[in-house]
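Let me begin by presenting the structure, written as structure tokens, before commenting on it.
Coordinate-derived values only; no laboratory data. Everything numeric here is computed off the predicted structure, so don't read it as measured data. In this analysis, Cβ positions are derived from the backbone assuming ideal geometry, glycine residues included, and neighbour counts consider all displayed protein chains.
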Amino acid sequence: MYQKYLAEGEKIILELIDLKPYLIDQLYALPEFLERQEGKLIAAGIHYFPVAGKDLERISNLKTPQNAIAVIRMQDETAMICQGSELKKVIYLDEVRDPGNLGTIIRSADWFGWDLLVLSNECVDPYNPKVVQASMGSLFRLPVIQSGLQQFLDEATLSFVIYSAEMDGASVYETELAFPMLLIMGNESHGVKVMMDHARVSKVSIPRYNGQTESLNVAIACSVMMAEINRRSYG
């Protein structure tokens, strides 16, 4: 309703002040934080309020509250769907529900320079406090939208080459890759569930060298996939 969410911690907040200060609606912080950063806050035009430690604990979503909490305006990234010519590498997450995993994937996608992260409507809220914390500021840099897969493909201006990460897929190290690419990663327990025209989809996997290990964590698998795709696309 309000299109706002909370971000906590000095590192995340200072990064946002340097990157996109206009997204900060209000800032609540301990007096010592405000004393150290007052010049930067004034220069950025941020509305800030000193609060006592006990009050910060009441506001915080963390077990160990940090010294500052910001109310952040959500970014509208829906225009990214239409900017097809600028999208080379896109990830689609299918029902990823663990906030720690999503936050880590956002951070990895930012690290590897991917263009867009699309979340299925069944994914965890990207503005969940645990997601925001785990992304460590990458949520402010990486465009993230929520959309059904077919809706995204229908509205995008490009025809993506689609790869789906599945246990029975061909090795990603041996698969010929093409761009613009849409990489589908599935949920923590059930893998990819989204229904698609499989004639358009190439299944890929990360080879398993120990037959006793059932699967990889989705955030780790996503990072491995992105690293290999980057290595191949950039030479």
Task: Any hit, region 128-138, residues being of a type in the set (S, T, Y), more than 16 Å from Y92 (Cβ to Cβ), in contact with a Ser or Thr (Cβ under 9 Å, 6 or more places away or on another chain) and surrounded by fewer than 20 Cβ atoms within 10 Å (Cβ to Cβ) - done: no
- [ ] State the number of residues belonging to region 217-235 that are of a type outside the set (D, E, K, R) and surrounded by 17 or more Cβ atoms within 10 Å (Cβ to Cβ).
- [x] 8
- [ ] Taking the options I220, I162, I229, name whichever one is over 14 Å from L116 (Cα atoms), among the hydrophobic types (A, V, I, L, M, F, W, C), more than 16 Å from the chain's Cα centre (by Cα) and in a helix (DSSP H, G or I).
- [x] I229
